[in-house]
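Trainee: Please see the structure below; I have some questions.
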Amino acid sequence: MDTNFQNKKEEIIAKIKEKAKNLTCPVCENKNMILGDGFFAHDLQGDLSSRTMGGQNIPTIPVICSNCGFTREFALGVLGFLPTKDDSEIK
């Protein structure tokens, strides 16, 4: 699976537009967003008493309001760009 940001950029934009049809900034109500220039990977921690770098993480893509800079993130797995794990789904 290709995970290079530049190779997936247009596909990511199309998927976010498909899933979030009325994407509006919750701070200033602007409708113009900018895709960040790469991915975030939030490390998952099994114990809050120590910090572990690396290992399991949640890869996300930042989407930034072009007016106020408010930043939100979309999980790449849920958008279909990574294998998903359904055994932890909360219903």
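The values are calculated or read from the model by the stated rules, or taken from the named source; none is laboratory data. What you see is a predicted model; the values in this text were computed from it and never measured. Note that we place each Cβ from the backbone using ideal geometry, even for glycine, and neighbour counts take in every protein chain shown.
Trainee: Pick from segment 36-57 the residues that are touching a Ser or Thr at 6+ places or on another chain (Cβ under 9 Å) and under 16 Å from Glu10 (Cα atoms): which of them is surrounded by the fewest Cβ atoms within 10 Å (Cβ to Cβ)?
Mentor: Restricting to residues being touching a Ser or Thr at 6+ places or on another chain (Cβ under 9 Å) and under 16 Å from Glu10 (Cα atoms), the top hit is Gly36.
Trainee: Which of the residues that make up segment 1-21 are loosely packed, with under 12 Cβ neighbours inside 10 Å and under 12 Å from Ile61 (Cβ atoms)? Talk me through it step by step, then tell me what you get.
Mentor: At the first step, the residues of segment 1-21 found to be loosely packed, with under 12 Cβ neighbours inside 10 Å are 1-4, 6-7, 10, 14, 17-18, 21.
Once the filter is applied, which keeps residues that are loosely packed, with under 12 Cβ neighbours inside 10 Å and under 12 Å from Ile61 (Cβ atoms), segment 1-21 yields only Thr3.
Trainee: OK, next. For a quick check of your reading of the model, give me the residue pairs whose first member lies in segment 4-16 and is under 14 Å from Gly80 (Cβ atoms), whose second is surrounded by 14 or more Cβ atoms within 10 Å (Cβ to Cβ) and at pLDDT below 95, with beta-carbon atoms closer than 6 Å and at least 6 apart or on different chains.
Mentor: Lys15/Leu79
Trainee: Quick check on my filter: what residues within segment 58-81 are surrounded by fewer than 19 Cβ atoms within 10 Å (Cβ to Cβ), β-branched (Val, Ile, Thr) and under 19 Å from Lys21 (Cβ atoms)?
Mentor: Passing the criteria: Ile64, Val78.
Trainee: Now for a different question. Determine whether Thr24 is polar (S, T, N, Q) and modelled with pLDDT under 90.
Mentor: So Thr24 fails the test.
Trainee: Here is a check on your reading of the model: is Thr24 β-branched (Val, Ile, Thr), surrounded by 13 or more Cβ atoms within 10 Å (Cβ to Cβ) and free of Cβ contacts under 8 Å to residues at least 12 places away in the same chain?
Mentor: Considered against the rule, which asks whether it is β-branched (Val, Ile, Thr), surrounded by 13 or more Cβ atoms within 10 Å (Cβ to Cβ) and free of Cβ contacts under 8 Å to residues at least 12 places away in the same chain, Thr24 comes out as yes.
Trainee: Please name all residue pairs, on different chains or six or more residues apart, with Cβ atoms under 9 Å, provided the first residue is in segment 54-73 and is farther than 9 Å from Asp43 by Cα and in contact (Cβ under 8 Å) with a residue 12 or more places away in the chain and the second residue is assigned to a loop (DSSP other than H, G, I, E, B) and of a type in the set (D, E, K, R).
Mentor: What qualifies is Pro62/Asp37; Asn67/Glu29.
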